[in-house]
Amino acid sequence: MTTTTATTPAKYWNGGKSPFNVEYGKLMMWYFLMSDAFTFGAFLISYGTTRFATTGWPNANEVFSSYPFKPEGSSPAPLIFVSIMTFILIISSVTMVLAVHAGHNMDKKGVVKYLILTILGGLAFLGCQAWEWTHLFHEGAWWGRNPFPNSDGTISTTNFTNFFFTITGFHGFHVFSGVVINVVMLIMALFNKFEQRGHYLMIEKAGLYWHFVDLVWVFVFTCFYLI
Amino acid sequence: MSNEATLHANVDVMVPHEIHHGEHHEIHHHHESFISKYVFSQDHKMIGKQFLITGMFWAVLGGLMSVLFRLQLGYPDSTFPWLEDLIGKWGKGGHISAEAYYALVTTHGTVLVFFVLTAGLSGTFANLLIPLQVGARDMASPFMNMLSYWFFFMASVVMLSSIFVETGPFSGGWTAYPPLSALGSASPGSKTGMDLWIIAMALFVVSSLLGGLNYIVTILNMRTKGMSMTRLPLTIWALFFTAVLGVLSFPVLLSGFILLIFDRNFGTSFYLSDIYVNGVGALPNEGGSAILFQHLFWFLGHPEVYIILLPAMGMVSEILATNARKPIFGYMAMVGSLFAIAILAFLVWAHHMFVTGLNPFLGSIFVLLTLLIAVPSAIKVFNWITTLWRGNIRFTPAMLFAIGFVSLFISGGLTGIWLGNSALDIHLHDTYFVIAHFHIVMGVASMFGMFAGIYHWFPKMYGKYLNNNLGYIHFWLTMIGAYLIFWPMHYEGLAGMPRRYYDYSAWESFKQFVELNRFISTVAMIVFAVQLLFLFNFFYSIFKGRKLTTQNPWGSNTLEWTTPINPGHGNWVGEIPEVYRWAYDYGKDGKDFIPQTTPVGADESTDH
Ligand code: HEM
Ligand SMILES: [Cu+2]
């Protein structure tokens, strides 16, 4: 490696500059996200092993089949509501990309506009989650309580709800932190902090975090609702 | 990234804001308040000292605990009335109670592994050495670095407070296996003590994350001009892999703890199933598995032992080369073996679980991966010995401790190979053989690495020398004592003597070890006393030690010795020096040593 870099003009690894051409904060964010990925990985693998070591498991299509203001007696709507939630979160990732892009162009107006949309998306997702949790709670589900039978009709262990609330809760906490971070970014943008610095790099870091949280949701969604 | 942004980013990268700050300080004789200099300091050198002193506090307390429980093991029939004065109801009638014994063993293990040999070791030397040896004014984020210490401090306060609660500190072993850790009703220590234990450990994880991220990006991003990765001193490589291990393994422990908190407080069954508990009856829980916690714990636990060992390895490499006046043998092999160890560290955790009912086929895969660690370990040992070979050795106390480290690492590594065979482990698991193995290879060896580091870098930390004669006494008594304490434990373990028992006198088969246990306990107390000698040397020398008269007392090549004797915040007055060579040009071309800052001469051959 030393010999190749010594002959090429860009001596990325030779000291005096960042080998990846990024400032330290972004590098730190990447390592933090790797670390966080291990936290979620550990949760999801724990969930998977417990589930496969258990003889029966509730059917997600039956558990998650409601939505707000659903008319009494109407036919179940499996996974409709969570699909909308997921869609909202993914759209908020798109608006985040647009905010970062506007930052590259030093377009303050664009940054503000798309950050607000991203924050709204995050809040909408959290609202949906709050509704879903309340709904499940009223059906008798909570940590340590599971009213849903296994798909074969036998009595289920409580680990379905235990893992569901723990992992979606932990993810929701991440979304909440992301919203807080985005609000801080928005305030800083409104007060021209980034204009003064001459760059919107901080938005990029917030964006990395936001995309990560979205990506994690895809896995959580798959594990709890689809499989 | 747009061009402007890239440019700006690079300005940030190349000229960290501390530069101006640092130079400013040097020139104007800054006015720092006591608070900003000694308490909420953002200077990596001061933070390193804070970690060191806090670590030393815990080492004394943890060591004292081991003296107390060795008292029980060595003299189970004697009574010590002063115990009741010291620890109250835990020592009623001059006898340590069973609960107190388990609480002592658990707290000893936890604080020595995490607070002393992780925070006290990495925290101290990563902070002190990374900016100094890569040529940076400070860490990438001095503020996060400060937070890292204060999270550790809070963890310490919470852990300390757990010793004083009514029901005592946690007593289920440093590995905190459920059900003891998950059921408040399981034992006195499982109540408030365990809550505090988890809180302390969670704070500790945050501290280690904040520190680790900083160490990684500082090493990658803030190396001075010319300091390519292959010119880094081995200390830095070791600290780099340590930080990566920590950043990737502690979060898994955190997940495990979160599930544990739910099991303890919210009626979940992640780790609990319908077991029967004496005095409580059958549990209502269903479907959980205690083994799940073991997986999560050891996924951190095994990397953790290397988090403890790697910094010691790095410092030892540096100290051996410096004091043998020879280049380190096989630099790239040293880096490669560190890398291999870091990778393998993630792939062997189940060797702690061979007897949990693990599928024997899976076990055999873990045997293979575990024994593979012997390869990079052996490479390192051979390279250290070859570095010493025909060296012009200066036996400073640091050098003695470094050589002692190599000896201990060999002794303890060899028993690892026994344990790594799952068939042998059926006999050896949970016996004193394991205790002997990990105390020698991890506990004492890393302690030796830490001592070596302290003796070697004390002049950089305080501008004074430690007293050499006290250092020699400290070394020899500790070295001999450590072997006398832990070597016999192999025999006890081979004879089947289990670990974590309160009193062995009820077993006919262990009567033969009564004398031996007494002997071990006696030596343990002597060795503990010798450490107090070191403490005296340390604090006395800070104030009254012989003053340094030269910037580079050991004739070293690395950058920290190009700073002033008492460097200010910012480390170098004026420009940061540029680097032209690796750190190990000792005894080259008839020169005793050539610092990294010396440009390569016209007729000099370079290999790095
Ligand atoms: C060739 C290298 C090594 C091998 C093959 C090895 C293997 C093992 C095995 C199989 C065990 C489990 C024994 C049991 O509980 O029955 C064990 C325990 C342990 N090892 Fe090692 N080891 C090696 C090196 C190390 C090193 C370098 C360290 C630390 C720096 C270390 C620290 C520990 C600790 C702390 C434990 C016991 C933890 C506990 O149960 O409380 N080992 N080792
Ligand atoms: Cu291990």
query = At a 1.4 Å probe, which residues in region B:206-221 are at least 20 Å² less accessible with all protein chains present than in their chain isolated?
reply = B:Leu209, B:Leu213, B:Ile216, B:Val217, B:Leu220, B:Asn221
Accessible-area order (highest first, 1.4 angstrom probe) of the listed residues B:Arg390, B:Arg500 = B:Arg390, B:Arg500
note = Quick calc, region A:25-226, dipole around Cα centre from Cβ unit charges on Lys, Arg (+) and Asp, Glu (-), nearest 20 debye, gives 620 debye
key: Lys/Arg +1, Asp/Glu -1 at C-beta; chain A dipole; positive extreme among A:Thr49, A:Phe173, A:Ser151   = A:Phe173
request  = Please work out the C-alpha center-to-center distance from region B:402-418 to region B:132-167 and express it in whole Å.
outcome  = 30 Å
All-pairs alpha carbon distance profile, chain B, 10 Å steps from 0, percent = 3, 16, 27, 27, 16, 8, 2, 0, 0
Cβ charges +1 (Lys, Arg) and -1 (Asp, Glu), total dipole of chain B, debye = 1120 debye
query = When averaged across all projection directions, what area in nm² does the alpha-carbon convex hull of region A:25-226 cover?
reply = 12.1 nm²
message = Could you compute how fast the protein assembly as shown diffuses translationally, taking Rh as the Kirkwood radius over C-alpha pairs and applying Stokes-Einstein at 4 °C with viscosity 1.567 mPa s? Give it in µm² per second.
response = 45 µm²/s
ask   = What does the helix-only formula give at 222 nm for the protein assembly as shown: each DSSP H stretch with n ≥ 4 adding -39500 (n - 2.57), the total divided by the residues, and the result rounded to the nearest 500 deg cm²/dmol?
value = -21000 deg cm²/dmol
remark   = The percentage of the accessible area of region A:25-226 (probe 1.4 Å, all protein chains present) made up of carbon and sulfur atoms, to the nearest whole number, is 71 percent
remark   = Surrounding charge for B:Gly391, neighbours by C-beta under 10 angstrom, Lys/Arg +1, Asp/Glu -1, total +4
task = Please give the solvent-accessible surface of B:Met194 in Å², to the nearest 10, using a probe radius of 1.4 Å with every protein chain present.
result = 0 Å²
note = The farthest towards the positive end of the charge dipole of chain B, of the residues B:Leu147, B:Leu477, B:Phe329, given +1 on Cβ of Lys and Arg and -1 on Cβ of Asp and Glu, is B:Leu477
message = With angles folded into 0 to 90 degrees, how steeply does helix B:142-162 sit against the dominant principal axis of chain B? Use alpha carbons for both and round to 10.
response = 20 degrees
ask   = In terms of solvent-accessible area of protein heavy atoms at a 1.4 angstrom probe, what is the ranking of B:Ile403, B:Ile308, highest value first?
value = B:Ile403, B:Ile308
message = Rounded to the nearest 10 Å², what accessible area does A:Phe191 have for a 1.4 Å probe in the complete protein model?
response = 150 Å²
request  = Could you work out the relative contact order of chain B, using alpha carbon pairs under 8 angstrom and six or more residues apart, expressed as a whole percent?
outcome  = 16 percent
Radius of gyration, Dmax [region B:502-608; alpha carbons; angstrom] = 25.2, 76
ask   = To the nearest 10 degrees, how steeply does helix B:445-462 sit against the main Cα axis of chain B, on a 0 to 90 scale?
value = 40 degrees
ask   = Which of the listed residues, B:Val523, B:His437, A:Ser35, is farthest toward the dipole's positive end in the protein assembly as shown, when Lys, Arg count +1 and Asp, Glu count -1 at the beta-carbon?
value = B:Val523
query = Percent relative contact order of region B:100-191, based on C-alpha pairs within less than 8 angstrom and at least six residues apart?
reply = 37 percent
query = Rank B:Met353, A:Met29 by accessible area, highest first, at a 1.4 Å probe radius?
reply = A:Met29, B:Met353
query = Can you give the accessible area of B:Tyr501, probe radius 1.4 Å, in Å² rounded to 10?
reply = 80 Å²
note = Once normalised by the length of region A:25-226, the mean sequence separation of its alpha carbon contacts under 8 Å that are 6 or more apart gives a contact order in percent of 28 percent
Degrees between helix B:234-265 axis and first principal axis of chain B (Cα, 0 to 90, nearest 10) = 30 degrees
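The values are calculated or read from the model by the stated rules, or taken from the named source; none is laboratory data. Every value quoted in this text rests on a predicted model; they were computed, and no experiment measured them. Cβ sites come from the backbone with ideal geometry, for glycine too, and all protein chains shown count toward neighbours. In case anyone asks, the SASA skips ligands and DNA or RNA and just uses the protein heavy atoms, side chains included. Shrake-Rupley method; radii C 1.70, N 1.55, O 1.52, S 1.80 Å.
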